[in-house]
Amino acid sequence: MAETHVLFVEDDDVIREATQLALERDGFAVTAMPDGLSGLEAFRADRPDIALLDVMLPGMDGVSLCRRIRDESTVPVIMLSARADSIDVVLGLEAGADDYVTKPFDGSVLVARIRAVLRRFGHAGGAAGGDAGRDEGPDGGVLVFGELEVDTDGMEVRRGGAPVALTPTEMRLLLEFSSAPGTVLSRDKLLERVWDYGWGGDTRVVDVHVQRLRTKIGQDRIETVRGFGYKLKG
């Protein structure tokens, strides 16, 4: 099996070198870059399997780099932020990141988060949460919610007949909602099913992804149930 290729962009020499060594010991192939511009060049040249981006980078910050990557690819992106309560976390998620890890981080935690992201991306062509898409519509694997069509076999989404481009994380989130339309799903449940968190996580990850999904499938399609979570309107 080929090694998983990680692009790691971090301007702190000590963190970059130590993290690269830790990831390589766990079997990853790592390309490490010290700034956003060289990181973008490496991404375009190497097309890694996953990108780890520090928020604060010289030349081009991590949020801007994430946007550039997302314009060109659905490759998974994890942001690295020095503060859990920083607005940078939300900005990174809004730019298209799939998850984030707070610095300083334990190497084993980072590896676990990387593997969790890769697992769900590796299964992006299958059912989210184990049984999303299990209820087939009149056209087989096509579920219809108003003008929204979710093809659970072909992993395609159309809105008003036009294709909708979703990242694998957004697709898994939509599959989770569409498997139980009208059912309220809590943020913790979505973290467990979509992000593969076996432990507590930051629910802002869910909130930002729901907002991103709404912009693509319709603001009114996913309803907020205050104090409980979200549900897809059938």
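Details
- All positions within the range 62-121 that are over 20 Å from T19 (Cα atoms) and open to solvent by 50 Å² or more (accessible area, probe 1.4 Å): R67, R68, D71, E72, T74, D85, I87, L91, E94, R119
- The single residue among L232, L185, L190 that is closer than 24 Å to M79 by Cβ, out of contact with any Leu (no Cβ under 6 Å at 6 or more places or on another chain) and hydrophobic (A, V, I, L, M, F, W, C) turns out to be L190.
- All of L37, L21 fail the test of being of a type in the set (A, V, I, L, M, F, W, C), more than 18 Å from R70 (Cβ to Cβ) and open to solvent by 70 Å² or more (accessible area, probe 1.4 Å), apart from L21.
- Qualifying residue in the range 202-217 (condition: part of a loop (DSSP other than H, G, I, E, B) and either among the hydrophobic types (A, V, I, L, M, F, W, C) or on the phi > 0 side of the Ramachandran plot (or both)): no
- Of all the residues in the range 205-230, those that are acidic (D, E) and closer than 19 Å to G92 by Cβ number 1.
The values are calculated or read from the model by the stated rules, or taken from the named source; none is laboratory data. Predicted, not measured: the structure shown is a model, and the values here were computed from it. In this analysis, Cβ positions are derived from the backbone assuming ideal geometry, glycine residues included, and neighbour counts consider all displayed protein chains. Surface accessibility is based on the protein's heavy atoms, side chains included, excluding ligands, DNA and RNA. Shrake-Rupley method; radii C 1.70, N 1.55, O 1.52, S 1.80 Å.
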